[in-house]
Amino acid sequence: MSHAKAATQFNQNQARTGWHDQALWFVRQKRDRQAVTVPEWEDLRELGSQIKGHMLSNMDEYLIQFEANAQANGVTVHWAKDATEHNKIVYDILQKHKVQRLVKSKSMLTEECHLNPFLERMGIEVVDTDLGERIVQLKDEPPSHIVMPAIHLKKEEIGDLFHEKLGTEAGASDPQYLTEAARQHLRERFLQADAALTGVNFAIAETGGVVVCTNEGNADMGVHLPKLQIHCMGMEKLIPRLADLGVFLRLLARSATGQPITTYSSHFHKPRSGSEMHIVILDNGRSNQLGRPDFRKSLQCIRCGACMNTCPVYRRSGGHSYGTTVPGPIGSILTPGIDLKKHASLPFASTLCGSCSDVCPVKIDIHTQLYKWRQIIAEEGHLPRSKRWSMQMAAWVFARPKLYRWLGKRARWSLRLFPSSLVYGPWNTWGKSRDLPDAPKQSFRDWMKKNG
Amino acid sequence: MSSREDILKAIKANKPDLKPLPELPQFPQPVEDVGEAFRAAAEGVGAQVISVNNWDELALAVNERYPEAKKIAHQIEGLALSPLDWQQINDAHQLADLDVAIIHGEFGVGENAAIWIPETILPERVLPFITQHLVIVLSKEDLVWNMHQAYERIGTEIPGFGIFISGPSKTADIEQSLVLGAHGARTLMIALMPSSQNV
């Protein structure tokens, strides 16, 4: 389904759309309040951008360095070209340890690889332990936001879900009560788990360790109990130096949720004695994206979600309308590179207002890349017919000045005089949810002739 | 060819020309009193900050704040709270019913109330998370202003596991309502002490 169609469905409930819009805008405002408390905020963004840009330009060397240092720490490093290989690697590790119960903390990468359904088919119980992720897992839905997976759900819906799945009181919807119920339910899972798997926020080439940021403490409750820990990372998560974390940990939580730092910033370097630690490095199209000069900067992303919280389209269409693992502006520049035809509508899910680029903590030129993807989509013939034909017709008219002037006159006259039922007929798709401007009496050309 | 070789080859072929790695500058400290800033930041993230002069005052404060606590873990000689017998603990899962854990913090960060805890000062890695309530003892002098200084202080001595903790466990995953006590410690009490006492 195209983004526009999915967004139309989302917009059918106007009150809910407004609620969603406000919830995200609230987070954007929290981000602003935190950002202004740091006098060197813009310097940090520039540094973050330069460090990631440097890393991308030397990524192979840093990966080799990272691997060597991790191995020296007693960590096993695996390489996966695509999702299938990634899932097989994880399954093989789990099987070797006879794991039946796996607890996971937040990982958009394993969403990207559809790891959960794969492992479940192989008979392994997988429990997402981030509260938001657990909610969408119980609801059998994908996350709608990369930082707040259940931001699209109301507390009453979560109350109903928990009543059905966790046995909470019917009709109870107090967030404190529901969170407590989830805490009890998940504590049991933590204590029973045979292995823990986490995503990775940063991987440090210099030290061979990985850093995971959470507020709930679920990564640590998972990792430190069983005898097996697995960390899955996209290869762009690398940073060269430990000290670079000083820049990124100052940027990440402030940009994401408007906190000065996440509650927990865990630095995993070596397994506990008697335990094993594995790191899986995934490509899955990232090296291709690195080869696209106009789009490689998208790999600088640190997954804060600020571009979603600020985007007027995301806020009013919801994360699910994008049909991708990473929704919103950043998702709309990352995913066309994976399947251009399938995701051809995403770069158009934007007003090109540029707010995403303004808040991006690593200065990705998101709106410029959205515009550039549009060019490629048009050139490769993936525009919907209505858009293709209207563009061709417009081009034909613009190439004929006399005809253009004559049509302009007709249009000004008819917009004034025709009844709106005629102007907003089914042929006017642009006008479905927008008002045409008031028609001026004369064209700019006529005005110039008189006044110029 | 292995996936490793394929991936590295693809990156080598596709990466842009080398860009410079920026030096990390020092940024000025915008506040005069880092201790005050730390306290304000800690309260902002939901922690309680107390000042104590000796272990007796700490024991009193813990008893007062957590009167129901039955199982308390600490390794502080001279702290008059009957501690868990670590000889009896041979598996981290045995800590599941722990009420209070009292641990040292290596240093705190003024700008965000994060406290660095390397595993070298933890008897078990899971301790600060599995406990219902966490108390971190921090020397008043062991404060830096920002995260750059924090990593400078850590230097190259990176432990097998280390963590910055800023406040109690929390979540806002249900309609953005802030709830303290998601999976980790429900409360965090930071006890600031003169360093001569904190040994």
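The values are calculated or read from the model by the stated rules, or taken from the named source; none is laboratory data. Source: prediction; values computed, not measured. Virtual Cβ from ideal backbone geometry, glycine too; neighbours counted across all protein chains shown.
Being in a loop (DSSP other than H, G, I, E, B) and touching a Leu at 6+ places or on another chain (Cβ under 8 Å) is the filter here, so list the residues in segment A:154-189 that pass it.
Filtering segment A:154-189 down to residues in a loop (DSSP other than H, G, I, E, B) leaves A:154, A:167-174.
Residues satisfying the conditions are A:T168, A:A172.
Given the criterion assigned to a strand (DSSP E or B), within 29 Å of A:P142 (Cα to Cα) and among the aliphatic types (A, V, I, L, M), identify the matching residue among A:V77, A:V99. Reasoning before the result, please.
Working: A:V99 fails: assigned to a strand (DSSP E or B).
Only one candidate qualifies: A:V77.
Considering segment B:103-148 alone, what residues qualify as being away from chain A (no Cβ under 11 Å) and either without any contact (Cβ under 8 Å) to a residue 60 or more places away in the chain or among the basic types (K, R) (or both)?
We begin by selecting, within segment B:103-148, every residue away from chain A (no Cβ under 11 Å); these are B:103-108, B:120-121, B:123, B:133, B:135-143, B:145.
Hits for segment B:103-148 are B:I103, B:E106, B:F107, B:T120, B:I121, B:P123, B:I136, B:S139, B:K140, B:E141, B:D142.
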Problem - Odd one out for A:A243 among (1) at the interface with chain B (Cβ under 10 Å from one of its Cβ atoms); (2) surrounded by 24 or more Cβ atoms within 10 Å (Cβ to Cβ); (3) in contact with a His (Cβ under 9 Å, 6 or more places away or on another chain); (4) among the hydrophobic types (A, V, I, L, M, F, W, C) - result: (2)
Problem - A:W79, sole failed condition from (1) touching a Leu at 6+ places or on another chain (Cβ under 7 Å); (2) within 12 Å of another protein chain (Cβ to nearest Cβ) - result: (1)
Problem - Candidates A:V200, A:V210, A:V136, A:V147, filtered to the one that is assigned to a helix (DSSP H, G or I), within 24 Å of A:G331 (Cβ to Cβ) and more than 9 Å from chain B (Cβ to nearest Cβ) - result: A:V136
Handout entry: Residues (under 30 Å from A:A7 (Cα atoms) and surrounded by fewer than 11 Cβ atoms within 10 Å (Cβ to Cβ)) located in segment A:410-421
Key = A:P419, A:S421
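Among the helices (runs of 4 or more DSSP H) contained in segment B:1-99, which hold 1 or more residues that are touching a Gly at 6+ places or on another chain (Cβ under 9 Å), over 30 Å from B:A150 (Cα atoms) and facing chain A (nearest Cβ under 9 Å)? Before the answer, list the steps.
Values: elements: B:3-14, B:34-44, B:55-65.
Because the criterion is at least 1 residues that are touching a Gly at 6+ places or on another chain (Cβ under 9 Å), over 30 Å from B:A150 (Cα atoms) and facing chain A (nearest Cβ under 9 Å), the helices (runs of 4 or more DSSP H) in segment B:1-99 that meet it are B:3-14.
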Problem - Near pairs, Cβ below 6 angstrom, 6+ apart or cross-chain, from segment B:154-175 (within 7 Å of another protein chain (Cβ to nearest Cβ) and within 20 Å of A:R250 (Cα to Cα)) to any residue that is of a type in the set (G, A, S) and not in a loop (DSSP other than H, G, I, E, B) - result: B:I163/A:S266; B:F164/A:S265
Practice task
Name the single residue, out of those in segment A:252-278 being surrounded by 24 or more Cβ atoms within 10 Å (Cβ to Cβ) and more than 10 Å from chain B (Cβ to nearest Cβ), that is nearest to B:E152 (Cα to Cα).
Solution key: A:L252
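Are any of the residues in segment A:374-396 in a helix (DSSP H, G or I), within 30 Å of A:K297 (Cβ to Cβ) and touching a helix residue (DSSP H, G or I) at 6+ places or on another chain (Cβ under 7 Å)?
First, the residues of segment A:374-396 that are in a helix (DSSP H, G or I): A:374-379, A:385-396.
Okay, now just the ones that are also within 30 Å of A:K297 (Cβ to Cβ), so A:374-379, A:387-388, A:391.
Imposing the further condition that a residue be touching a helix residue (DSSP H, G or I) at 6+ places or on another chain (Cβ under 7 Å) reduces the set to A:374, A:377.
Within segment A:374-396, one or more residues are in a helix (DSSP H, G or I), within 30 Å of A:K297 (Cβ to Cβ) and touching a helix residue (DSSP H, G or I) at 6+ places or on another chain (Cβ under 7 Å).
Could you list, in sequence order, all residues of segment A:279-328 that are hydroxyl-bearing (S, T, Y) and more than 14 Å from every other protein chain (Cβ to nearest Cβ)?
Restricting attention to segment A:279-328, the residues satisfying the condition of being hydroxyl-bearing (S, T, Y) are A:287, A:298, A:310, A:314, A:317, A:321-322, A:324-325.
If the condition is that a residue be hydroxyl-bearing (S, T, Y) and more than 14 Å from every other protein chain (Cβ to nearest Cβ), then A:T310, A:Y314, A:S317, A:S321, A:Y322, A:T324, A:T325 are the ones that fit.
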Problem - Residue in segment A:106-122 that is crowded, with 22+ Cβ neighbours inside 10 Å and modelled with pLDDT under 95 present - result: yes
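Looking at segment A:397-409, which of its residues are surrounded by 11 or more Cβ atoms within 10 Å (Cβ to Cβ) and aromatic (F, W, Y)?
First, the residues of segment A:397-409 that are surrounded by 11 or more Cβ atoms within 10 Å (Cβ to Cβ): A:397, A:400, A:403-409.
Within segment A:397-409, A:Y404, A:W406 qualify.
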Practice task
Answer yes if at least one residue in segment A:214-226 is within 19 Å of A:R45 (Cα to Cα), of a type outside the set (V, I, T) and facing chain B (nearest Cβ under 7 Å), and no otherwise.
Solution key: no
Exercise for the section: Would you point out which residue out of B:I89, B:I163, B:I76, B:I121 is within 30 Å of A:R134 (Cβ to Cβ), touching a strand residue (DSSP E or B) at 6+ places or on another chain (Cβ under 9 Å) and surrounded by fewer than 19 Cβ atoms within 10 Å (Cβ to Cβ)? Expected result: B:I89
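Which members of segment A:58-67 meet the condition of being within 10 Å of another protein chain (Cβ to nearest Cβ) and either within 17 Å of A:N201 (Cβ to Cβ) or buried (at least 18 other Cβ atoms within 10 Å of the Cβ) (or both)?
At the first step, the residues of segment A:58-67 found to be within 10 Å of another protein chain (Cβ to nearest Cβ) are A:58-64, A:67.
Within segment A:58-67, A:N58, A:M59, A:D60, A:Y62, A:L63, A:E67 qualify.
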Practice task
For segment A:38-57, enumerate the residues that are outside any helix (DSSP H, G or I) and either touching a residue at least 12 places away in the same chain (Cβ under 8 Å) or within 22 Å of the chain's Cα centre (by Cα) (or both).
Solution key: A:V38
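Quick grid of which residues meet (1) in contact (Cβ under 8 Å) with a residue 12 or more places away in the chain; (2) surrounded by fewer than 23 Cβ atoms within 10 Å (Cβ to Cβ); (3) part of a helix (DSSP H, G or I):
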{"residue": "A:C304", "(1), (2), (3)": "yes, no, no"}
{"residue": "A:N309", "(1), (2), (3)": "yes, no, yes"}
{"residue": "A:S321", "(1), (2), (3)": "yes, no, yes"}
{"residue": "A:S332", "(1), (2), (3)": "yes, no, yes"}
{"residue": "A:A344", "(1), (2), (3)": "yes, yes, no"}
Handout entry: Sole exception among (1) in contact (Cβ under 8 Å) with a residue 40 or more places away in the chain; (2) out of contact with any His (no Cβ under 7 Å at 6 or more places or on another chain) for B:G78, by number
Key = (1)
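For B:I50, state whether it is touching a helix residue (DSSP H, G or I) at 6+ places or on another chain (Cβ under 6 Å), within 18 Å of B:I136 (Cβ to Cβ) and among the aliphatic types (A, V, I, L, M). Show your work before the answer.
Working: touching a helix residue (DSSP H, G or I) at 6+ places or on another chain (Cβ under 6 Å): yes; within 18 Å of B:I136 (Cβ to Cβ): yes; among the aliphatic types (A, V, I, L, M): yes.
Yes.
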Fill in the blank from the handout: Considering segment B:51-72, residues that are touching a residue at least 40 places away in the same chain (Cβ under 8 Å) and surrounded by fewer than 17 Cβ atoms within 10 Å (Cβ to Cβ), and then whichever is nearest to the chain's Cα centre (by Cα), we arrive at B:S51
Problem - Residues located in segment A:115-129, provided they are within 14 Å of chain B (Cβ to nearest Cβ) and part of a loop (DSSP other than H, G, I, E, B) - result: A:T129
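Here are some residues: A:S386, A:S355, A:S350. Which one is farther than 27 Å from A:P260 by Cβ, under 18 Å from the mean Cα position of the chain (by Cα) and in contact (Cβ under 8 Å) with a residue 12 or more places away in the chain?
On the way: A:S386 fails: under 18 Å from the mean Cα position of the chain (by Cα); A:S355 fails: farther than 27 Å from A:P260 by Cβ.
Going through A:S386, A:S355, A:S350 in turn, the sole match is A:S350.
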Practice task
Could you look through segment A:213-240, keep only residues that are surrounded by fewer than 24 Cβ atoms within 10 Å (Cβ to Cβ) and part of a loop (DSSP other than H, G, I, E, B), and pick out the one that is nearest to the chain's Cα centre (by Cα)?
Solution key: A:P240
